[in-house]
1. How high is the relative contact order of the range 125-171, in percent, counting Cα pairs under 8 Å that sit 6 or more residues apart?
2. For the chain, what relative contact order do you get, as a whole percent, if you take Cα pairs closer than 8 Å and at least 6 residues apart?
3. Starting with the highest mean, order 31-41, 163-173 by the number of other Cβ atoms within 10 Å, averaged over the residues of each peptide.
4. Report the one residue of W182, P160, L54 whose Cα lies farthest in the direction of the positive end of the charge dipole of the chain (charges on C-beta: Lys and Arg +1, Asp and Glu -1; origin at the Cα centre).
5. In whole percent, how big is the carbon plus sulfur part of the accessible area of the range 1-114, probe 1.4 Å, protein atoms only?
6. Using the Cα centre of the range 327-410 as the reference point, and only Cβ charges (+1 on K/R, -1 on D/E), how large is the resulting charge dipole? Debye, rounded to the nearest 20.
7. Could you name the lysines whose alpha carbon sits less than 28 Å from that of K360, not counting residues in the same chain fewer than 8 places away?
8. Mind listing which GluC sites (Glu not before Pro) in the range 40-141 are in a DSSP loop and have 12 or fewer other Cβ atoms within 10 Å?
Amino acid sequence: MSRTPEARAAHSPWKPVGATGRPLPAWATDATLGIFVHWGTYSVPAWAEPSGALGAVPDDEWFAHNAYAEWYANTIRIPGSPAADHHVREYGGAPYEAFLDAWRAEAYDPADWARLFAAVGADYVVPTTKHHDGVALWDAPGAGDRTTVARGPARDLIGPLADAVRAEGLRFGVYYSGGLDWAVTDFPPHRSTADLERFRPKDAAYHAYAARQVADLVERYRPDVLWNDIDWPDAGKAPGLGSLDALIARYREAVPDGIVNDRWGADVWDYRTSEYDAHTGNEAEPGWEHCRGLGFSFGFNRVEDASLTLSPRELARLYADVVSRGGRLLLNVGPTAAGEIPAVQRRTLEGAAGWLTAVKPHTAGRGPVAADGVETDAAWWRAWATPEHVVVVVDGPGASVRVGDDVLAGREAIVVPLPAA
């Protein structure tokens with residue numbers, strides 16, 4: 001596999017570019033690990049049928065058997081669904097908003113969360129500020145009493161986390177559900193992907209409502225990541241004063257090196273996203289981000305035990321796969337209603353922390369390695385190149401690895417076995 005020195009390939013790092021031709025900022029290009037946090041009213045019932053991964057369960061089954069606990073408010077409205085039966089059995093069919101009043105967040109310690117996230121080598125943290133149930137975790141304008149300031153925890157849950165995360169040297173972003181808000185719409189439950197398009201709010205009033213709240217998030221927290229979900233009201237997509245374009249322009253002015261995801265139904269994005277087994281076509285270009293939970297759910301699901309949760313080894317393998325293909329991993333934690341990171345999730349994060357923090361320094365400036373540039377007897381392996389190294393992650397410590405001279409091009413080879421368990 002050797003070549004003459006003159007023929008050796010120079011390092012070619014990935015250079016992600018967004019929909020508008022804007023290059024991804026340097027911090028995001030070098031980032032490899034984000035932490036998603038799904039915490040909300042749904043964390044009180046904390047229940048979903050663990051039916052499987054999004055994209056792996058047929059669409060005509062997914063919604064009635066939704067594995068996402070954060071979709072509880074929708075799933076319990078589908079007659080005959082396991083969640084609906086569970087809700088009647090456990091809560092007598094009580095209104096969903098009763099869970100907001102029952103939520104206390106009494107053990108919430110944002111500094112503890114931030115220390116944990118920093119310990120696993122995270123680059124950025126993105127909490128949900130308003131999910132599809134319409135409950136805002138800050139004093140959102142126009143939300144009335146559907147906030148954690150007015151009810152339940154009786155305080156802003158976002159600001160303290162932003163401060164704690166940044167105190168640990170991490171970047172801070174916000175998730176906002178612009179495409180769905182079940183509290184301000186009067187539609188039947190979503191039973192299919194087609195229903196998402198049919199019943200999502202598209203009107204000018206909801207656009208104004210959502211835009212005002214996102215603008216407030218930008219003003220208050222200056223998020224490094226603006227992560228919208230599902231879509232955006234069609235009435236706001238036409239150019240002009242007060243439009244989605246204007247909202248994004250306002251964000252870019254406030255946070256020049258901030259980044260915007262691709263779930264707006266418009267080409268305002270800096271990077272593409274995938275989720276579990278869904279939207280994997282978006283992983284074709286560098287700079288993409290893969291999001292998933294440690295189990296099948298984003299919101300805390302009390303049903304998910306260790307058998308349904310990624311092990312440290314599985315997490316390390318997932319991370320290596322994403323990094324080797326030019327992506328970032330946005331790994332979700334789902335805190336309990338009290339505000340604790342569940343023990344089963346903390347165990348995985350702490351178990352993988354040493355491996356992740358040892359590998360992460362060898363990811364900056366990464367670029368691809370051709371499959372035929374590495375010879376190994378490992379049953380599974382992934383590789384990438386940096387200006388100084390060629391990193392090869394293998395499935396066991398006894399694997400034989402040889403990297404071709406033309407791949408090394410004066411760089412050092414680093415072989416990293418996955419964790420044992």
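The values are calculated or read from the model by the stated rules, or taken from the named source; none is laboratory data. Nothing here was measured: the structure is a model prediction, and the numbers come from that model. Cβ: placed from backbone, ideal geometry, glycine included. Neighbour counts: every protein chain shown. The accessibility values were calculated without ligands, DNA or RNA, using every heavy atom of the protein model including side chains. Shrake-Rupley method; radii C 1.70, N 1.55, O 1.52, S 1.80 Å.
1. 29
2. So the answer I get is 22 percent.
3. 31-41, 163-173
4. Of the options given, the answer is P160.
5. So the carbon and sulfur contribution to the accessible surface is 53 percent.
6. Once rounded to the nearest 20, the dipole reads 420 debye.
7. Of all the lysines, those that pass the test against K360 - Cα under 28 Å, at least 8 places apart if same chain - are K15.
8. Loop-located and lightly packed - E106.
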